[in-house]
1. Using +1 on the beta carbon of Lys and Arg, -1 on that of Asp and Glu, and nothing else charged, what's the dipole of the stretch 1-154 about the Cα centre, debye to 20?
2. What FRET efficiency, computed as 1/(1 + (r/R0)^6) with R0 = 30 Å and r the Cβ-Cβ distance, is obtained for ARG24 and ASP128, rounded to the nearest 0.05?
3. Could you sort 150-160, 28-38 so that the peptide with the highest average Cβ count within 10 Å comes first and the rest follow in order?
4. Strictly greater than 33 Å: what percent of every Cα pair in the chain meets that?
5. Just need the Rg to Rh number for the stretch 1-119, please, alpha carbons only, Kirkwood Rh.
6. Tell me the mean residue ellipticity at 222 nm calculated for the chain from its helices only (DSSP H runs of n ≥ 4, each -39500 (n - 2.57), averaged over every residue, nearest 500).
7. What percent do you get for the relative contact order of the chain when only Cα pairs under 8 Å and 6+ apart count?
8. Where in the stretch 62-95 does the label zone of ALA101 land, with the point 7 angstrom along Cα→C-beta and an amide N cut-off under 18 Å?
Amino acid sequence: EARGGVVLPERLGLHWERGGEPQRARPHLRRAALEAARRQEALRSIDLAERAGLAPGTLSPAVAVEHEDLLFEMSSSYATVGRYDDAEAILTALCDGAEDAGAPELRRKAQVRLSQARYVRRGLEGVDEASLEDAAARLRDGEYRGRARYVLGAIAKVRGDLDRAEACFREADREFEACNLQGMHASALDQLGSVFLRRGRWREAEALYA
């Protein structure tokens, strides 16, 4: 399959695979995996990435750092299909690789995603709050500052600290709006609405849910 006379990366990867040259296939398969993940085709993206040599069980930290954009997407793909351990393994490899490479921005981003993944699965167990606070204060990437604040808000809500929860969700929402991340923006507003309901602020909650 081609678009506008350009051969698609998945087709190029398959060509080299069939020709017995997996190393030449891998760059094309990685590109195809990234495109599939961004289209939310989780199973297809997983198949392509693993054929490209980026399987969670064999992924070294050094290799992980070379492919950070794809691997952040792949962690979401694995979670989507219920392979949560594989999603966490990828994020752990990114954390370790960033630490080894002296890449603090990447390390903070990977720690945020890892804490987020662990919170979704197990609540407070395994969440590194200190790293979330550090990320929220020091990351340059607005999306990930927002992600960090979002998880901190969720933690505060579970603990009953509704003042802090509200502040964190508001800060997260500002970051998501600035980055035009509509899905995350909607999720932050939903959390704010939940906080308002717990505080008896019915009209404010109703305005968010309307």
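1. Working: 24 positive and 26 negative charges, 93 e Å.
Its charge dipole is roughly 440 debye.
2. Details: r = 40 Å, r/R0 = 1.33.
Efficiency, rounded to the nearest 0.05: 0.15.
3. Per-residue mean Cβ counts within 10 Å order the peptides as 28-38, 150-160.
4. Numbers: 5180 of 21945 pairs.
Counting every Cα pair in the chain, those more than 33 Å apart make up 24 percent.
5. On the way: Rg = 14.6 Å, Rh = 14.5 Å.
With Rh from the inverse mean 1/r over Cα pairs, Rg/Rh is 1.00.
6. Details: 12 runs with 163 residues, N = 210.
The per-residue figure over the chain is -25000 deg cm²/dmol.
7. Working: 288 pairs, mean separation 20.7, N = 210.
With pairs under 8 Å counted, the relative contact order is 10 percent.
8. Flagged as within label range: 62-76, 89-95.
Laboratory data are not the source of any read-out in this text; all were calculated from the coordinates shown. Since this is a predicted model, take the numbers as computed values, not measurements. Here the Cβ is made from the backbone with ideal geometry for all residues, glycine too, and neighbour counts use every protein chain on show.
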